[in-house]
Amino acid sequence: MKIRTRKYFIACVFFLFLFGNLFGQSFNQGDIVFGANIGVPHLYKGIIKLATKTQAFKDQFDGSFEISAIKGLNPVCVRTEFAISEYFGLGLNYSFWNVSFNVTDRYNVLKAGAVTGTDEVDTYKFKIRSASLGIRPNLHIPFENKMNDLYLGVGLGFTNNSVEIDFSSTDVQKVKKNAAYNLRLPGTIYFAPTLGYRHYFNYYFGANFEIGYEKGAVLQAGLVFKFNVNDTKKEKKD
């Protein structure tokens, strides 16, 4: 069993050595890469839609209510990466999404012991936001063409989830007719593993594609911009 394991280990080392020497690399020491991606689907937007249809949500209102269209910005990720070597990069990652919708609640109130027949209206404006900040180490895999970059990465950091509720009412019996509430929601850890691919149209500009998990998005696409610190230093000396 030990002999077989040793053979596998030697074969893997040989393969990695051969792979690294036969293939080119578009990610070089000193590179600085800036990028921005937008992801699909907006998983949390779908979860919020389902939550508004539950009986627990409906029980929070007094009468006949309507929910506006649930809108929101899909997960967006902005990041920068510095190439410590041609195989390893480290950078910062900022990701965010938001969702907003309104609820209009119409009901009758008792005045002088009788129902007036006039609708009172409560209006709730919900704004839900999530933002994450963290570091992002990337392991770059040599690829055949120097215009291509394949990598494994993971975002690690902290998340802030919050909901803002603006409330207004035509009901004079409500003590606070107009009020705003800001609440902190659960979830503080940011963890986003992805497999990414960059294709450069020239040395400085390219497209970025990722599959994995980024704040509810499974697929991401965007643009990247790259320059090399060492090249900039050489230009200054010349």
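State, to one decimal in nm, how far the label point of Tyr181 lies from the label point of Asn160, with both points 7 Å from Cα in the Cβ direction.
2.1 nm
To make sure I understand, if each residue's beta carbon is the centre and we count other beta carbons within 10 Å, what order do Asp149, Asp166, Asp105 fall in, fewest to most? Working shown, then result.
Details: Asp149 26, Asp166 14, Asp105 19.
Fewest-to-most Cβ neighbours within 10 Å comes out as Asp166, Asp105, Asp149.
Evaluate the charge dipole of the range 23-237 about its Cα centre and quote only its size in Debye, nearest 20, assuming +1 on the Cβ of each Lys and Arg and -1 on the Cβ of each Asp and Glu.
340 debye
Could you order peptides 73-84, 136-147 by the average number of other Cβ atoms within 10 Å of their residues, highest first? It would help to have the intermediate numbers written out before the result.
Working: 73-84: 19.5, 136-147: 16.8.
The packing order, highest mean first, is 73-84, 136-147.
Would you give the gap between the C-alpha center of the range 136-193 and the C-alpha center of the range 71-97, rounded to a whole Å?
The range 136-193 and the range 71-97 have Cα centres spaced 14 Å from each other.
Given contacts defined as C-alpha pairs under 8 Å and at least six residues apart, what's the relative contact order of the range 23-237, whole-number percent?
Worked out over the range 23-237, it gives 23 percent.
Name the residues of the range 85-111 whose amide N is less than 15 Å from a point 7 angstrom out from the Cα of Thr188 along the C-beta direction?
No residues fall inside that zone.
If you plug each phi of the range 39-44 into the Karplus form 6.51 cos²θ - 1.76 cosθ + 1.60 with θ = phi - 60°, what whole-Hz ³J(HN,Hα) values come out, in order, with x for Gly and Pro?
x, 9, x, 8, 4, 6
Under a plain spin-label model, where a point goes 7 Å from the Cα along Cα-to-Cβ, how far apart in nm are Leu139 and Val218?
Distance between the two pseudo-spin positions: 2.4 nm.
Which of the peptides 49-56, 219-226, 94-101 is most tightly packed, and how do the rest follow, going by the mean number of other Cβ atoms within 10 Å of each residue? Let's see the in-between values first.
On the way: 49-56: 9.8, 219-226: 17.8, 94-101: 20.4.
For the peptides 49-56, 219-226, 94-101, the packing ranking is 94-101, 219-226, 49-56.
If each residue of separation counts as 0.36 nm, what is the full-extension length gain between Glu66 and Leu152 once their alpha-carbon separation is subtracted? Write down the numbers at each step before the final one.
Values: separation 86, 0.36 × 86 = 30.96 nm, distance 4.48 nm.
Gain in length upon complete extension: 26.5 nm.
Compute and list, largest first, the equivalent-ellipsoid semi-axes of the range 117-212 from the alpha carbon gyration tensor, each √(5λ) rounded to a whole angstrom. Write out the running numbers ahead of the final one.
Working: eigenvalues 478, 50, 17 Å².
Gyration-tensor ellipsoid for the range 117-212: 49, 16, 9 Å.
Å³ per residue of the Cα convex hull, for the range 23-237?
Enclosed volume per residue, from the Cα hull, is 138 Å³.
All of the numbers you see were taken from the coordinates with simple rules; none came from a lab. Given the structure is predicted, the values throughout are model-derived calculations rather than measurements. Quick reminder, even Gly has a Cβ in these numbers, built from the backbone with ideal geometry, and neighbours come from all protein chains shown.
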